[in-house]
1. How many residues, within the range 236-246, are surrounded by 15 or more Cβ atoms within 10 Å (Cβ to Cβ) and farther than 14 Å from I281 by Cβ?
2. In the range 164-184, how many residues are touching a helix residue (DSSP H, G or I) at 6+ places or on another chain (Cβ under 9 Å), assigned to a helix (DSSP H, G or I), at pLDDT 90 or above and not aliphatic (A, V, I, L, M)?
3. Do you know which residues across the range 180-235 are surrounded by 15 or more Cβ atoms within 10 Å (Cβ to Cβ) and among the hydroxyl-bearing types (S, T, Y)?
4. Name the residue, out of I168, I201, I213, I162, that is of a type in the set (A, V, I, L, M), in contact with a Leu (Cβ under 6 Å, 6 or more places away or on another chain) and farther than 23 Å from E66 by Cβ.
5. Report yes if R134 is more than 23 Å from V274 (Cβ to Cβ) and either not in a loop (DSSP other than H, G, I, E, B) or not hydrophobic (A, V, I, L, M, F, W, C) (or both), otherwise no.
Amino acid sequence: MNKDRKGSLYSSILELGKIKISIPVALTGFLGYYRFSTSLSPDLVYTLLGILLLSMGSSTFNQVQEHRTDKLMKRTKSRPIPSGKISVRGAALAGTVEALVGLGLLLLTGSVTASLIGIFTMFWYNLVYTPLKRVTPFAVLPGALIGALPPLIGWAAAGGNIFEREIIIISFFLFIGQMPHYWLILMKVGDEFRDAGLPVITNIFTKSQLRNISFIWILAAAVTVIMFPASGIIQHNWLAFSMLGLILLFLVRMTILSFKGEIMENWRKAFMTVNLFYLFIILLLIGDKFSSPYLY
């Protein structure tokens, strides 16, 4: 195999694994691990790589499952399988290797709980959420559970009890946080979903109604963030006030973007604002633990 073909294969494997999404997923796993333990042990590396590879494996299987539908949509027809860069069999093999190696790395942490949650996450993504997308436009609701599980994996891998208040609140925030993200995407690509024969939310709600629903979830996400300082999870007052200030700025900006001008006019800015808000909250939660290891 020449260098060009190898490079194309590696690029296809990364694209199949949605590496740009899988890396943030691993970051939420790091959040869960680091909030319980600041120990920079090999277990942390096993956890991060394990979550990354499981996420890539799930995404690869998802593209195997949906390659026919992907071929019908403008935004997905250039993906590796529909574009012919890699075969269905080759993609399935890549996903299997990623999933098995990822699971093996989680097992190396010694946490059976972390491994079981990892398996359940893949099961939920590929055998529940993905098939549901063909049945109901509301598959996004159970699908949001997927984003709440990686921090639980990290927490368990570090030795934590997954029923402790702190990690439940963090996971709940990430669950709620998926919703405005997904609703904004549906507003943008609903027509493509319909053309591909998938049930779409835009056949039920107008874009104005979708905007209002999305904004309700935005408010819910902001309220959920308030739980961090209110519950005493945040150890530093200045970080707690920073978080509250960030919530205020987020709500003001999203109100302007959501209700000023045409609905889709500010879509990209709204989408980026939502994603950056979640990223900053995650970084604040990590920073709070990083700056106060003596408290734990």
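1. Residues flagged as surrounded by 15 or more Cβ atoms within 10 Å (Cβ to Cβ) and farther than 14 Å from I281 by Cβ within the range 236-246 amount to 1.
2. So the count comes out to 5.
3. Matches in the range 180-235: Y182, T202, S214, T224.
4. Answer to the check: I162.
5. For R134, the condition - more than 23 Å from V274 (Cβ to Cβ) and either not in a loop (DSSP other than H, G, I, E, B) or not hydrophobic (A, V, I, L, M, F, W, C) (or both) - is met.
One line per residue, one yes/no per condition, for (1) crowded, with 17+ Cβ neighbours inside 10 Å; (2) not assigned by TED's automatic domain parsing to the domain that holds R211:
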{"position": "P80", "(1), (2)": "yes, yes"}
{"position": "L93", "(1), (2)": "no, yes"}
{"position": "T96", "(1), (2)": "no, yes"}
{"position": "L106", "(1), (2)": "yes, yes"}
{"position": "T121", "(1), (2)": "yes, yes"}
{"position": "L127", "(1), (2)": "no, yes"}
{"position": "R134", "(1), (2)": "no, yes"}
{"position": "L174", "(1), (2)": "yes, no"}
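The values are calculated or read from the model by the stated rules, or taken from the named source; none is laboratory data. Quantities reported herein were computed from a predicted structural model and do not represent experimental measurements. Neighbour counts run over all protein chains shown; Cβ positions are idealised from the backbone, glycine included.
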